[in-house]
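One structure is given below, encoded as structure tokens.
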Amino acid sequence: MREKTWRQTHVKVEVSALNFYTFVVTHRVLSPVAMPFTHRSAAADVRAMVGGKAAEPLRVAVLGSTGSIGTSTLDVIAACPERFSPYLLAAHRSTRLLLEQAHACRPRWVVVVDPAAAAEIGVGALPEGTCLAVGPEALDDLVQSPEVDRVVSAIVGAAGLRSTWAALEAGKTVALANKETLVMAGPLAMRLAERTGGRIVPVDSEHSAIHQALRTGVADEVTRIVLTASGGPFRTRSSESLVHVTPEEALKHPTWSMGPKITIDSATMMNKALELIEARWLFGLPAAKLAVLVHPQSIVHSMVEFVDGSVIAQLSPPDMRLPIQYALSYPERIDGPTRRFDFTQAMTLDFAPPDPDRFPAVRLGHEAAARGGTAGAVLNAANEEAVRGFLDGAIRFTDIAEVCARVLEEHPFQPDPSLDDVRRLDGWARQEVVKWACV
Ligand code: NAD
Ligand code: MG
């Protein structure tokens, strides 16, 4: 108990020091929860204040460790053992991979959220020194433990909100891949983090790029944020042919290897819609300052335009290990496992505006970002259910955006919802999609 109190205090000092410097340096900061520093020297000052480089590796809780982001996170941790150590790995049902991961990296805890899957874990299956916990409540408790220094939130979909909320409630620094937290409950999550001293550092590659670009200016100088999009596998397909797209075709992404849900979202460009909403709350910018640009090479991860016309972009090979590592090591930059460019080879970068006829989802994202309130939660839930329906063969590819538009338009909008309102409308939107698909 005594150790708990000390550690909690220690974490709080570190976080409030960061917030203090963010405020002093930028003056006109949009949101201290997510805004980066504007000067490297400020970051160095903070390091000095908290005692220089971490003497001990940061203990990381990886929520969704068996997924695409989760396994990349474990790569980063394995490549930087002097900086990070895995404290907790959590997954839904994929116990076989979870156990493999536990044997490879020896965390203190593994959490299986689904009790039925956990029941299949045999006696002696875990490595020595690793304990098993079961269920979402256990995950909430462990995430809030003073032993956890960083939380990687990489559970897919609305299911990720709960544990991200628990982490922010405990004032943790969250490396946020689960964009749904901000899409569904952006203002609530940002207010919570401000209250508790929690911090969100984005993992989504576009938002990581923006976070990095914002370090070159201050909030009032930002005129536009441009999110880049690969355009997915159907970037050049005719709109008439999109109705015949199969799940197998949609699951083949040209530049990124990701989980199935986000891969379908990339094919419809709903992923960009969700990212517009995510950016709106994360950086506290009006929706009118957010734009989308198709960039098929996925090398420029996003850009920020400043008042003088300068555009600052972040470039790197498409590899999620870089934004994950950045979110874990921030405010420092460290060496890691990410691939590097070979500048001796020719390289071409293309950019084009998205086609609104073939990708109507982008408009829905602009609309939901502008409306705020319950619009993001409803769009997200409708889309999750529609993607499930598409993968199950119940609806067509082009139905996804159509049903989302309808549910968004018809929903009982609330401008300033509570978390309960958000959850209720999430359920309502899912039922509407199911009803629509059954007609
Ligand atoms: P994935 O499908 O590969 O993995 C999902 C993980 O979440 C798995 O470990 C699974 O066990 C766990 N999970 C699922 N349901 C759960 C539940 N109810 N409770 C607890 N755990 C549960 O997904 P992913 O592609 O790694 O994406 C994870 C998150 O990161 C998503 O929010 C996605 O939008 C975001 N993201 C992913 C990428 C990427 O490159 N994959 C890029 C940017 C953002
Ligand atoms: Mg992204």
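The values are calculated or read from the model by the stated rules, or taken from the named source; none is laboratory data. Just so it is clear, the model here is predicted, and its values are computed rather than measured. Backbone-built Cβ (ideal geometry, glycine too); neighbour counts: all protein chains shown. Please note that ligands, DNA and RNA were not included when accessible areas were found on the heavy atoms of the full protein model with its side chains. Shrake-Rupley method; radii C 1.70, N 1.55, O 1.52, S 1.80 Å.
In the chain, how many lysine pairs have Cα atoms under 24 Å apart, counting only pairs 8 or more places apart or on different chains?
Lysine pairs meeting both conditions in the chain amount to 15.
Which value in nm describes the separation of the simple spin-label points at Arg191 and Val434, placed 7 Å from the Cα toward the beta carbon?
3.1
Which trypsin sites (Lys or Arg not before Pro) does the range 284-369 hold that lie in a coil by DSSP with at most 15 other beta carbons within 10 Å?
Of the trypsin sites (Lys or Arg not before Pro), the ones in loops of the range 284-369 whose Cβ has at most 15 other Cβ atoms within 10 Å are Arg333, Arg339, Arg340.
For the range 116-255, take the convex hull of the Cα atoms, compute a quarter of its surface area, and give me that in nm², please.
Seen from a random direction, the Cα hull of the range 116-255 projects 13.4 nm² on average.
What would the Debye formula give as log10 I(q)/I(0) at q = 0.24 Å⁻¹ for the alpha-carbon point model of the range 76-149, no solvent?
Each listed q maps to, in turn, -1.14.
According to the Cα gyration tensor, what semi-axes, each the square root of 5 times an eigenvalue, does the equivalent ellipsoid of the chain have, listed from largest to smallest in whole Å?
In descending order, the three semi-axes are 32, 27, 22 Å.
Tell me the trypsin sites (Lys or Arg not before Pro) within the range 198-262 that lie in a loop according to DSSP and have at most 16 other beta-carbon atoms within 10 Å.
Filter output for the range 198-262: Arg237, Lys252.
Suppose we flag chymotrypsin sites (Phe, Trp or Tyr not before Pro) only when DSSP calls them loop and at most 11 other Cβ atoms lie within 10 Å. Which is the longest uninterrupted stretch of the chain?
The segment 1-340 is the longest one with no such site.
For the range 233-378, what size does the Cα cloud have along each of its three principal axes, sorted from largest down, in whole Å?
44, 35, 30
Please report, as a whole percent, how much of the solvent-accessible surface of the chain comes from carbon and sulfur atoms (probe radius 1.4 Å). Could you put the intermediate results ahead of the total?
Working: 10060 of 18590 Å².
Whole-percent figure for carbon plus sulfur exposure: 54.
Taking R0 as 35 Å, what FRET efficiency do you get between Asp416 and Ser310 from their Cβ-Cβ distance, rounded to the nearest 0.05? Can you show the working numbers first?
Values: r = 36 Å, r/R0 = 1.03.
With a Förster radius of 35 Å, E is 0.45.
Between Met184, Trp165, Ser153, whose Cα lies farthest towards the positive end of the dipole of the range 141-190 when Lys and Arg beta carbons carry +1 and Asp and Glu beta carbons carry -1, centred on the Cα centre?
It is Met184, whose Cα lies furthest towards the positive end.
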